[in-house]
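Q: A single structure is presented below for examination.
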Amino acid sequence: MRIVTQYCCAVLAGTVFGLPAPAAGEPVPNAKPLATTRQQPFLEGIDTPPAKPQVPDSTRNVSGTRSEPLAACDIPGALLDVAEPVTDGGYEDCGIADPVRLAGVVSGPNTAKFHAPVTISCDFAKVLTDWLRRDVLPVAELEFGIPVAVVASGPGYQCRRRNNRPDGKLSEHALGMAIDITQFQLADSSNISIEKDWVTATGKGKFLQAIHAKACRRFTTVLGPDADANHRSHFHLDAGCHGQDCTYIICQ
């Protein structure tokens, strides 16, 4: 059974925006807030159970020994190029065995592009593309009647430790399994800033709350302004393994 920290209700978001409720057989888990959430900032990898080492799953085989670039990364609606395996970095285990450069996504007549292509693993690109195409773009259309045109984000891959600490576990960014998103730009050039619009009682605030809730059904870690001051300006999304069976979910 999945454990959810501060789980934002996807059913409520569906009610607000007129989107379908979660399908039967996929109940939303009961929220179980961390005891120390309000006393100290969330520390990536510190406030979660130990990750299960050596999980035999393709999403965890990031720093593998692939010597040739991935032949293909077939993701419907994704605008991407397959890249050479990433092996460089400041730490031994940094790298991506199956990297792609994701430039954006297409959904019907609409195209949403990143400011610059992000380097992430093929597996993570699938999850990110699904969230953008099936959640972000439809919610924007319902709330504003205008499609999302640009997604502002970090580069995806970064060889560093969690929370930029000098020691400890590697960040999921170092494995191509994470991205930080700061804002969205609509086709009319209006901006939706996570830092400025998250708590506002406006359409922009409702949009951000809704896509945050939906992200918690796709990613294993979703951190936003409610998590701590370190995330006041962006959503951190990753698909890392948390807990002994990799089913622990962090949603803040």
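The values are calculated or read from the model by the stated rules, or taken from the named source; none is laboratory data. Given the structure is predicted, the values throughout are model-derived calculations rather than measurements. Cβ atoms come from the backbone with ideal geometry, glycine included; neighbour counts cover every protein chain shown.
Q: Just give me the residues in the stretch 191-248 being more than 12 Å from the chain's Cα centre (by Cα) and of a type in the set (Gly, Ala, Ser), in sequence order.
A: Selection gives 193, 201, 203, 205, 210, 227, 229, 233, 243.
Q: Of the conditions (1) in contact with a Gly (Cβ under 9 Å, 6 or more places away or on another chain); (2) under 11 Å from residue 175 (Cα atoms), residue 129 clears all except one; give me its number.
A: (2)
Q: Here's a check for you: in the stretch 217-230, which residue that is touching a strand residue (DSSP E or B) at 6+ places or on another chain (Cβ under 6 Å) and without any contact (Cβ under 8 Å) to a residue 40 or more places away in the chain is surrounded by the most Cβ atoms within 10 Å (Cβ to Cβ)?
A: 222
Q: Same structure, new question: Counting only residues that are surrounded by fewer than 21 Cβ atoms within 10 Å (Cβ to Cβ) and touching a strand residue (DSSP E or B) at 6+ places or on another chain (Cβ under 8 Å), which one in the stretch 86-96 is modelled with the highest pLDDT?
A: By that ranking, first place goes to 93.
Q: Looking only at residues that are modelled with pLDDT of 95 or more and either in a strand (DSSP E or B) or among the aliphatic types (A, V, I, L, M) (or both) in the stretch 68-82, which one is farthest from residue 134 (Cα to Cα)?
A: Applying the filter and picking the extreme gives 82.
Q: Which members of the stretch 95-119 meet the condition of being assigned to a loop (DSSP other than H, G, I, E, B) and under 19 Å from the mean Cα position of the chain (by Cα)?
A: Correct list: 95, 98.
Q: Which one of the conditions (1) polar (S, T, N, Q); (2) closer than 17 Å to residue 219 by Cβ; (3) in contact (Cβ under 8 Å) with a residue 60 or more places away in the chain does residue 182 fail to meet, given that it meets all the rest?
A: Unmet for residue 182, out of (1) polar (S, T, N, Q); (2) closer than 17 Å to residue 219 by Cβ; (3) in contact (Cβ under 8 Å) with a residue 60 or more places away in the chain: (3).
Q: Among the residues of the stretch 147-204, count how many are touching a Ser or Thr at 6+ places or on another chain (Cβ under 7 Å) and at positive phi.
A: Counting residues in the stretch 147-204 that are touching a Ser or Thr at 6+ places or on another chain (Cβ under 7 Å) and at positive phi gives 2.
Q: Looking at the structure I just gave you, is residue 195 loosely packed, with under 15 Cβ neighbours inside 10 Å, in contact (Cβ under 8 Å) with a residue 12 or more places away in the chain and either of a type in the set (Phe, Trp, Tyr) or touching a strand residue (DSSP E or B) at 6+ places or on another chain (Cβ under 8 Å) (or both)?
A: The answer is yes for residue 195.
Q: Is it true that residue 146 is under 13 Å from the mean Cα position of the chain (by Cα) and either surrounded by fewer than 17 Cβ atoms within 10 Å (Cβ to Cβ) or under 21 Å from residue 77 (Cβ atoms) (or both)?
A: Taking the combined requirement at face value, the residue does not satisfy it.
Q: Another question, then. Condition (residue is more than 23 Å from residue 111 (Cα to Cα), buried (at least 16 other Cβ atoms within 10 Å of the Cβ) and touching a residue at least 40 places away in the same chain (Cβ under 8 Å)) applied to the stretch 209-216: is it met by at least one residue?
A: yes
Q: Based on this model, can you work out whether residue 169 counts as at pLDDT 95 or above and basic (Lys, Arg)?
A: Spelling it out, it is not the case that residue 169 is at pLDDT 95 or above and basic (Lys, Arg).
Q: If residue 121 satisfies all but one of (1) closer than 23 Å to residue 78 by Cα; (2) among the hydroxyl-bearing types (Ser, Thr, Tyr); (3) modelled with pLDDT under 95, what's the number of the condition it fails?
A: Exception for residue 121: condition (3).
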